[in-house]
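Before any comments, here is the structure.
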Amino acid sequence: MINQFNLSTFRPICDNLAQADEDLAAIINAHGYPPMWSRPNSFETLVHIILEQQVSLASALSALNKLKERVQELTPARVLLLTDEEFRACYCSRQKTSYIKYLAEALLSGQLNLAHFDEMPDEQIRAQLVALKGIGNWTADVYLMFVLQRADIFPIGDLAAVNALKRIKHLPVDITKEEIITIAGQWRPYRTVATMLLWHFYLSSPKPHPGPLQRRGS
């Protein structure tokens, strides 16, 4: 059975998580409920997530908007008409340019069909996405969380989420990835919503270091 959330269940899930975890409850008490972040199931969304890899969200959005200005409508066919020089003018690195082109070709060839994902289990979707050049587990995680509203994803490659978890739980800086995954496992089957609470905390509370929200991974 596919485990999802929606606008009507999002806040009740937040409440259930808060009842079970006082640190998550403290986030809601201090900052209110998080937004239910979502994005449409589209080529543009996947391009946006690729652009967000290893940079600030503001930088990624700037690049996305430049691409949209250039082609008007961000479709696989129109993107493939752009030259490498035009991609560079849109703040796209050579590496991300190749990823976006590969994605466009996969969609046009039928290798990837985003509409089919609605009824597929999480790991089958992940397998299809990470088979593409430039898409790793972090990109797949964000897609599953934001686009398909799959409820039980914890993006271990997300710097903001991991740092927020360390802060609310007062965890040592050198805690291992495996230990973090175990702690996040306490929020099953709603790790996605717990992660949105972590992002909400990260964005709403004073940071121990300056800088915009950054996403890591591929």
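The values are calculated or read from the model by the stated rules, or taken from the named source; none is laboratory data. All figures in this text were calculated on a predicted structure; none of them were measured in a lab. Glycine gets a Cβ as well: all are built from the backbone with ideal geometry, and neighbour counts include every protein chain shown. With ligands, DNA and RNA removed, areas are computed over all heavy atoms of the protein, side chains included. Shrake-Rupley method; radii C 1.70, N 1.55, O 1.52, S 1.80 Å.
Name the single residue, out of those in the stretch 137-153 being outside any helix (DSSP H, G or I) and open to solvent by less than 10 Å² (accessible area, probe 1.4 Å), that is farthest from Ile49 (Cα to Cα).
Ala151
Yes/no matrix, rows are residues, columns are (1) within 20 Å of the chain's Cα centre (by Cα); (2) outside any loop (DSSP other than H, G, I, E, B):
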site: Pro35; (1), (2): yes, no
site: Ser38; (1), (2): yes, no
site: Ser62; (1), (2): yes, yes
site: Lys66; (1), (2): no, yes
site: Arg70; (1), (2): no, yes
site: Leu74; (1), (2): yes, no
site: Leu81; (1), (2): no, no
site: Glu86; (1), (2): no, yes
site: Gln95; (1), (2): yes, yes
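Consider the stretch 178-218. How many of its residues are modelled with pLDDT of 95 or more and not hydroxyl-bearing (Ser, Thr, Tyr)?
20
When residues of the stretch 172-188 are filtered for being of a type in the set (Ser, Thr, Tyr) and outside any loop (DSSP other than H, G, I, E, B), how many remain?
Within the stretch 172-188, residues that are of a type in the set (Ser, Thr, Tyr) and outside any loop (DSSP other than H, G, I, E, B) number 1.
Among the residues of the stretch 78-86, is there at least one that is modelled with pLDDT of 95 or more, in contact with an Asp or Glu (Cβ under 8 Å, 6 or more places away or on another chain), more than 27 Å from Pro155 (Cα to Cα) and open to solvent by less than 70 Å² (accessible area, probe 1.4 Å)?
Yes.
Of Leu7, Leu51, Leu57, which residue is touching a residue at least 24 places away in the same chain (Cβ under 8 Å), of a type outside the set (Asp, Glu), open to solvent by 30 Å² or more (accessible area, probe 1.4 Å) and under 21 Å from Gly136 (Cα atoms)?
The unique qualifying residue is Leu57.
Which residue pairs have Cβ atoms under 9 Å apart, sit 6 or more places apart or on different chains, and have a first residue in the stretch 112-139 that is under 24 Å from Asn6 (Cβ atoms) and a second that is open to solvent by 20 Å² or more (accessible area, probe 1.4 Å) and acidic (Asp, Glu)?
Close Cβ pairs satisfying both conditions: Asp122/Asp152.
What about Gly185, is it open to solvent by 10 Å² or more (accessible area, probe 1.4 Å), of a type in the set (Gly, Ala, Ser) and more than 25 Å from Leu46 (Cα to Cα)?
Judged against the criteria, Gly185 is a match.
Could you please find all residues in the stretch 14-40 being surrounded by 15 or more Cβ atoms within 10 Å (Cβ to Cβ), out of contact with any Lys or Arg (no Cβ under 9 Å at 6 or more places or on another chain) and either free of Cβ contacts under 8 Å to residues at least 24 places away in the same chain or farther than 16 Å from Phe146 by Cβ (or both)?
Cys14, Asn16, Leu17, Ala18, Asp21, Leu24, Ala25, Ile27, Ile28
Which of the residues belonging to the stretch 118-136 are open to solvent by 40 Å² or more (accessible area, probe 1.4 Å), among the aliphatic types (A, V, I, L, M) and not in a loop (DSSP other than H, G, I, E, B)?
Ala127, Val130
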